[in-house]
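Asker: Encoded as structure tokens, here's the structure I'll be asking about.
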Amino acid sequence: MFKSIVTAVFTLLLCSAFLCGCGKQSKEKTFTVGFDADFKPYGYVENDTYTGFDIDLAREVAKRNNWKLVLKAINWDAKDMELNTGAIDCIWNGFTINGRENAYTWSSPYVDNSQVVMVRKDSKVQKLSELAGLVVAVQTDTPVLKALRKGGKRADLGSKFKKLVVSPNYNNAVMELEAGSVDAVALDIGVAQEKSKDGKFRILEEVVITEKYGIGFRKGNTALRDQVESTLKAMVSDGTAAKISAKYFNGRDCLIIGK
């Protein structure tokens, strides 16, 4: 009888320990990053794996905080719904602060970014003014789209286009450029540099607008913002962030945060 009681107690303790262990696992901190998977070099798919400049930065941030990183490719038009419903913790993917200052709780700017125009290599266009009467493509819901439309900072330029074509993503826009269905694409300089590596396209020297990238969190989520930003600054200080930048930007350190 005594042996049976001891066995029962021992079994109960084992079960309790197992359940406690399960409870601890279920409480593991996750860090869910929303991004556009067609936005090379910031976030994209390669060999069935998500990779990119921002993705690698997020991985290192999660690693240093002992968080489980969850990468969620999102429809860019649905990014606010994903964030506000808690499906993602932040938007981290070449996300422009300018024009969205009050819509999110932002990290400090970490990259300076310009919006430029890319044309086919054999195009006769050399200046922005020479886009008059031509068809220009741009990705949906981007600062450069807003800048080129009526009332925008560069409406003077956009109003002279024959047509402003809005594409769901930059890959589509660049494919249209290659096919000749559009004459130019207005896009982020980092993406333009990546897309022009193969020599099919070239970038006009004049800049359409300048802007800064940040990490966007839900309004009021300052605790997570502060933790991520603090970790990112530490990565800049010890040189880790510069190494990640060099991997994607031809050896260049493009980070401005913490400097």
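The values are calculated or read from the model by the stated rules, or taken from the named source; none is laboratory data. Bear in mind that the values here come from a model prediction, so they are computed numbers and not experimental data. Glycine gets a Cβ as well: all are built from the backbone with ideal geometry, and neighbour counts include every protein chain shown. Each accessible area value is taken on the protein alone, full model and side chains, heavy atoms only, with ligands, DNA and RNA left out. Shrake-Rupley method; radii C 1.70, N 1.55, O 1.52, S 1.80 Å.
Asker: What distance in nm lies between label points placed 7 Å from Cα along the C-beta direction at Val45 and Asn75?
Answerer: 1.6 nm
Asker: Just to confirm my numbers, what's the Cα centroid distance between the stretch 130-170 and the stretch 73-91 in Å?
Answerer: The stretch 130-170 and the stretch 73-91 have Cα centres separated by 25 Å.
Asker: When the accessible area of the chain is computed with all protein chains present and a 1.4 Å probe, what percentage of it is carbon and sulfur?
Answerer: That fraction is 53 percent.
Asker: Do the sum for the chain: with -39,500 (n - 2.57) for every DSSP H run of n ≥ 4, divided by all residues, what is the mean residue ellipticity at 222 nm, to the nearest 500 deg cm²/dmol?
Answerer: -11000 deg cm²/dmol
Asker: Output needed: percent of Cα pairs per 10 Å distance bin for the stretch 55-124, bins running from 0 to the one holding the longest distance.
Answerer: Percent of Cα pairs in each bin: 14, 39, 31, 11, 4, 0.
Asker: Anything over 28 Å Cα to Cα? Flag those among Lys72/Lys259; Lys127/Lys150; Lys40/Lys127; Lys150/Lys212, in the order listed.
Answerer: In this structure, Lys72/Lys259 lie more than 28 Å apart at Cα.
Asker: Can I ask one more? For the chain, with equal point scatterers placed on the C-alpha atoms only and solvent neglected, what are the log10 I(q)/I(0) values from the Debye formula at q = 0.08 1/Å, to two decimals?
Answerer: -0.39
Asker: Could you tell me which helices of the chain pass both thresholds, a Cα extent of 30 Å or more along their own axis and a mean Kyte-Doolittle hydropathy of at least -1.0, with helices taken as whole DSSP H runs?
Answerer: Those that pass (Cα extent of 30 Å or more, hydropathy at least -1.0) are 2-26.
Asker: Sticking with this structure for a sec: In terms of the Cα gyration tensor, with a ≥ b ≥ c the square roots of its eigenvalues, is the stretch 109-161 rounded because a/c is under 1.5, prolate because a/b exceeds b/c, or oblate?
Answerer: Verdict is oblate for the stretch 109-161.
Asker: While we're looking at this one, here's another question. For the stretch 172-259, with every protein chain kept in place, what is the accessible area per residue (1.4 Å probe, Å²)?
Answerer: 46 Å²
Asker: Something else now. How far apart, in nanometres, would the label points at Lys150 and Arg64 be if each is projected 7 angstrom from Cα along the Cα-to-Cβ direction?
Answerer: 4.8 nm
Asker: Considering all projection directions equally, how large on average is the shadow of the alpha-carbon convex hull of the stretch 110-259, in square nanometres?
Answerer: 10.1 nm²
Asker: Using a 1.4 Å probe, what is the accessible area per residue for the stretch 33-103, in Å²?
Answerer: 43 Å²
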